[in-house]
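> Can you read through this structure? Questions will come right after.
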Amino acid sequence: MAASTSLSKIPVCQPFLNGRELEYVRDAVDSTWISSQGKYLERFEREFPAYVGLKHGTCTCNGTTALHVALRAAGIGPGDEVILPSFTMIATAFAICYCGATPVLLDANPDDWNLDVSTLEAAVSPKTKAILVVHIYGHPTDMDPVLEFASRHNLFVIEDAAEAIGSEYKGRLCGSFGRISCFSFFANKNITCGEGGMALTNDDLLYDRLRYLKNLSFPLGKSREYVHEEIGYNYRM
Ligand SMILES: Cc1ncc(COP(=O)(O)O)c(C=O)c1O
């Protein structure tokens, strides 16, 4: 083990860009597909959910916006409460605030620094609509009791798996447990595109809601393209 003096010099992240990144960027530029559409995005939206073990994924411009559209797609709004662990990156709580809902912070478990599942019962109220689980530093949250609790109280489970690309819980990848899961591809994440995010789900209707909301509520069919029936966001990658 390194001495504490050298430990203090370990960077939080150092992007590891020594593969074919430049070749792909050149190829994208040559193709003129340089924003929010094109073969690389389609491939990523197909292959990343398949890797996690889910059917659908829609890219966003970062992990924070993936969380925001996930909460909106879950129907979270003013007056609702969403349970989350107190030890996380601020984006998890902000995304709840963007919906006008109230974040209800639970203590972290001293063993893995994730949500302490033994405190869930005391935190639930008639206003509680969802649990936003975070797998902090890649450590999986103990999902079995969370899912059991959520089904008993009829709560929507969203996973913030921003820091947990490739982490497993009982043989399944993090991000495959919630009704929606969110990832970040910021430069210090296990996979990066500089800035980026993705919201994943197995549910066809939720998938439609996610890609509708993240694309300024443009109708999903092409027939009446400039008709916007609710407020959406430009969160395209
Ligand atoms: C746990 C967690 N949630 C959300 C985010 C937000 O992701 P982004 O920075 O891509 O908006 C991050 C990281 O950056 C994170 O670590």
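The values are calculated or read from the model by the stated rules, or taken from the named source; none is laboratory data. Here the structure is a predicted model, which is why all the values come from computation and not from measurement. Cβ: placed from backbone, ideal geometry, glycine included. Neighbour counts: every protein chain shown. Keep in mind that these areas ignore ligands, DNA and RNA; they rest on the heavy atoms of the full protein, side chains included. Shrake-Rupley method; radii C 1.70, N 1.55, O 1.52, S 1.80 Å.
> Which listed residue (Leu54, Ser31, Gly75) has the Cα farthest towards the positive end of the charge dipole for the chain, taking +1 on Lys and Arg C-beta and -1 on Asp and Glu C-beta about the Cα centre?
Ser31
> While we're here: 5 Å is the cut-off here: which amide hydrogens, built 1.01 Å from N in the peptide plane, fall below it relative to Thr128, excluding neighbours closer than 5 in sequence?
For Thr128, the qualifying residues are Glu81.
> What's the carbon and sulfur percent of the chain's accessible surface, probe 1.4 angstrom, rounded to a whole number?
55
> Work out the length of the dipole vector of the chain about its Cα centre, built from +1 on the beta-carbon of each Lys and Arg and -1 on the beta-carbon of each Asp and Glu, and round it to the nearest 20 debye. Provide the component values of the computation, followed by the final result.
Values: 21 positive and 28 negative charges, 120 e Å.
Dipole size: approximately 580 debye.
> Just order 56-69, 187-200, 116-129, 96-109 by mean Cβ neighbour count inside 10 Å, highest at the front, would you? Numbers along the way, then the final one.
Values: 56-69: 25.9, 187-200: 19.6, 116-129: 14.6, 96-109: 17.4.
In descending order of packing, they fall as 56-69, 187-200, 96-109, 116-129.
> Please name whichever of Gly194, Val133, Pro219 sits farthest to the positive end of the charge dipole of region 87-237, dipole taken about the Cα centre and charges placed at Cβ: Lys and Arg +1, Asp and Glu -1.
Toward the positive end, the furthest listed residue is Pro219.
> So if we plug the beta-carbon distance of Thr32 and Asp203 into 1/(1 + (r/R0)^6) with R0 = 41 Å, what FRET efficiency do we get, rounded to 0.05?
Working from the Cβ atoms, E equals 0.75.
> If R0 is 35 Å, what FRET efficiency do you get for Thr119 and Arg172 from their C-beta distance, rounded to 0.05?
The calculated FRET efficiency here is 0.90.
> In deg cm²/dmol and to the nearest 500, what is the mean residue ellipticity at 222 nm of the chain if only DSSP H runs of at least 4 residues count, each as -39500 (n - 2.57), divided by the residue total?
Rounded to the nearest 500, the figure is -9000 deg cm²/dmol.
> Over all directions, average the projected area of the Cα convex hull of the chain and note it in nm².
Directional mean of the projected Cα hull area for the chain stands at 15.0 nm².
> Let's see if you can work this out: charge +1 on each Lys and Arg Cβ, -1 on each Asp and Glu Cβ, no other charges. What is the dipole magnitude of region 148-210 about its Cα centre, in debye to the nearest 20?
My answer is approximately 140 debye.
> Assuming a strict under-25 Å limit between Cα atoms, what lysine pair count do you get for the chain once near-sequence pairs (fewer than 8 apart, same chain) are dropped?
Total qualifying Lys-Lys pairs in the chain comes to 14.
> Right, here's the next one. I need the calculated FRET efficiency for the pair Phe94 and Leu220, taking r as the beta carbon distance and R₀ as 41 Å, to the nearest 0.05.
In this case the efficiency is close to 0.90.
> Keeping every protein chain present and rolling a 1.4 Å probe, give me the accessible area per residue for the chain in Å².
54
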